[in-house]
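Accompanying notes for the structure given below.
The values are calculated or read from the model by the stated rules, or taken from the named source; none is laboratory data. These figures come from a predicted structure and were not determined experimentally. Cβ placement follows ideal geometry from the backbone for every residue including glycine, while neighbour counts extend to all protein chains displayed. Ligands, DNA and RNA are excluded from the accessible area calculation, which covers all protein heavy atoms including side chains. Shrake-Rupley method; radii C 1.70, N 1.55, O 1.52, S 1.80 Å.
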Amino acid sequence: MYSDRINALPPYLFEAIDEARDELIARGVDVIDLGVGDPDMPTHPHIVEAMREAVCDPKTHQYPSYAGMADFRKAAADWCKKYKGIELEPATEVLSLIGSKEAVAHIPLAFVNPGDVVLYTDPGYPVYKIGALFAGGEPYPLPLTAENDFLPDLDSIPEDVLKRAKLFFFNYPNNPTAATADMQFFEKVVEFCKKHNIIAVHDNAYCQITYDGYEAPSFLAADGAMDIGMELYSHSKTYNMTGWRLGFAVGNKDLIKGLGKVKSNVDSGVFDAIQIAGIAALSSSQACVEESNKIYKERRDALIEGLRAMGIEVKPPKATFYIWAPVPKGFTSMSFAKLLLEEVGIVATPGVGFGDAGEGYIRFALTKPVERIKEAVERMKTLQF
Ligand SMILES: *Cc1c(COP(=O)(O)O)cnc(C)c1O
């Protein structure tokens, strides 16, 4: 019944964990779910208010423009200049997105032919691989390891793979490892992509979730990046807007145009009222983002203390709302996730679910109030293994 591309989808690895969790909840167990990467805090009120006003205006009720409202693209370009130091032409170098996930899935359709290789970082956001497969491309994982500070080793890729490589997806601050990259790495990516004629796509979904004074750079600020690359921004994590579906792609105008060609044939743009709310988010004070970050930081520090009590040492991440922790000796990522769930009712995501290179790790999402995280920590302290 299903197409080959659906039949070829990788198995859903979290089924066992999901089932066990649902069973515990049904039995009345107080489960603390640190599995989902979805902010628990509501969208900030000034953004909701902008939406409320916009939705009452009948002008927002018709088909939006494919590329996004001119005002939205200008607000996105202004935001990028102010916070990332990059100059963009709103009309040609910015495109509105129905969240960045659709862009990750659509970009290979614009640039990849059957047999072309799509490089992506592993462990990683699952859509890099699946988007490549849907386009008939050949996904090629680049493992992220602690020894390499969770940056891919671009020199390790075999020559025959490089010859066929067309696209490279990467993501810093990184989900799930919480690793960050500096300009030196981004410059290396530019050099690498230029040399091998590869399109660079940087997923910057977590660039505003940062701590301890860290600021996440734009890939496009690297010398020459605008020649070969694009970057994806999302309102989802920055402004607690996952449900709204809003983001934007920026970068080289021919690449933006290619993505636009796919989108204009598949979707019909973002609801104007949502774009107007998105402008409010981008153009007003970013104090609300700092507030959320303060809350995530408190949660981060609380959870790290609990991990330490279990003998797991983790350096506090500089960005993202994830903790990527090595599992204790004798466990796989799956068996440790099961232990946490069954013994103390804590849900965390086994690293292997993000790719083979995620084996040996478990991901905690800091998306529950600090009281719940402290409760999780107390439970962790009782664990025997
Ligand atoms: C959450 C997430 C996204 C997608 O977010 P959207 O809601 O589609 O904008 C993209 N990349 C990574 C790595 C993410 O974790």
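A count restricted to region 228-245 and to residues that are away from the ligand (no atom under 11 Å from the Cβ) and under 17 Å from G85 (Cα atoms) stands at 3. Screening region 24-107 for helices (runs of 4 or more DSSP H) wholly inside it with 2 or more residues that are within 16 Å of the ligand (Cβ to nearest atom), surrounded by 13 or more Cβ atoms within 10 Å (Cβ to Cβ) and not assigned by TED's automatic domain parsing to the domain that holds K374 returns the ranges 70-84. The lone criterion from (1) part of a strand (DSSP E or B); (2) over 14 Å from A179 (Cα atoms); (3) of a type outside the set (S, T, N, Q) left unmet by L383 is number (1). For region 6-23, the set of residues classified as under 12 Å from T349 (Cβ atoms) and in a helix (DSSP H, G or I) consists of I17, D18, R21, listed by residue number. Scan region 239-246 and tell me whether some residue there is outside the structural domain of I32 (by TED's automatic domain parsing), touching a residue at least 60 places away in the same chain (Cβ under 8 Å) and under 21 Å from Y214 (Cα atoms). Within region 239-246 (the criterion being outside the structural domain of I32 (by TED's automatic domain parsing), touching a residue at least 60 places away in the same chain (Cβ under 8 Å) and under 21 Å from Y214 (Cα atoms)), the answer is yes, since at least one residue qualifies.
Conditions tested, residue by residue: (1) under 25 Å from G115 (Cα atoms); (2) more than 16 Å from the ligand (Cβ to nearest atom); (3) of a type in the set (A, V, I, L, M, F, W, C); (4) crowded, with 18+ Cβ neighbours inside 10 Å.
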site	(1), (2), (3), (4)
P143	yes, yes, no, no
S156	yes, yes, no, no
P176	no, no, no, yes
M183	no, yes, yes, no
H202	yes, no, no, yes
G224	no, yes, no, no
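Within the set S264, S234, S285, the sole residue that is within 30 Å of G213 (Cβ to Cβ) and in contact (Cβ under 8 Å) with a residue 60 or more places away in the chain turns out to be S234. Within region 373-380, not a single residue is of a type in the set (A, V, I, L, M), farther than 16 Å from G306 by Cα and at pLDDT 95 or above.
Checked against (1) within 16 Å of the ligand (Cβ to nearest atom); (2) within 21 Å of the chain's Cα centre (by Cα), F271 passes all but a single condition, namely (2).
Would you pick out the residues in region 295-332 that are more than 24 Å from A181 (Cβ to Cβ), open to solvent by 50 Å² or more (accessible area, probe 1.4 Å) and part of a helix (DSSP H, G or I)? Hits for region 295-332 are I295, E298, E305, R308, A309. Six or more apart or on different chains, Cβ atoms under 8 Å: show the pairs whose first residue is in region 324-336 and in the same structural domain as G37 (by TED's automatic domain parsing) and whose second is acidic (D, E) and open to solvent by 20 Å² or more (accessible area, probe 1.4 Å). That search, which allows pairs on different chains as well, returns T332/E359; S333/E359. Restricting attention to region 271-281, the residues that are open to solvent by less than 20 Å² (accessible area, probe 1.4 Å), among the aliphatic types (A, V, I, L, M) and over 8 Å from M51 (Cβ atoms) add up to 1.
For E231, indicate whether it is more than 17 Å from N293 (Cβ to Cβ), open to solvent by less than 10 Å² (accessible area, probe 1.4 Å) and modelled with pLDDT of 95 or more.
yes
The lone criterion from (1) within 19 Å of L13 (Cα to Cα); (2) touching a helix residue (DSSP H, G or I) at 6+ places or on another chain (Cβ under 7 Å) left unmet by K374 is number (1).
Among S264, S335, S268, which is open to solvent by 10 Å² or more (accessible area, probe 1.4 Å) and part of a loop (DSSP other than H, G, I, E, B)? Of S264, S335, S268, the one residue that is open to solvent by 10 Å² or more (accessible area, probe 1.4 Å) and part of a loop (DSSP other than H, G, I, E, B) is S268. Just to be sure before I move on: is E342 part of a helix (DSSP H, G or I), more than 28 Å from K294 (Cβ to Cβ) and not basic (K, R) in the structure I sent? Here the answer is yes, as E342 does meet what is asked.
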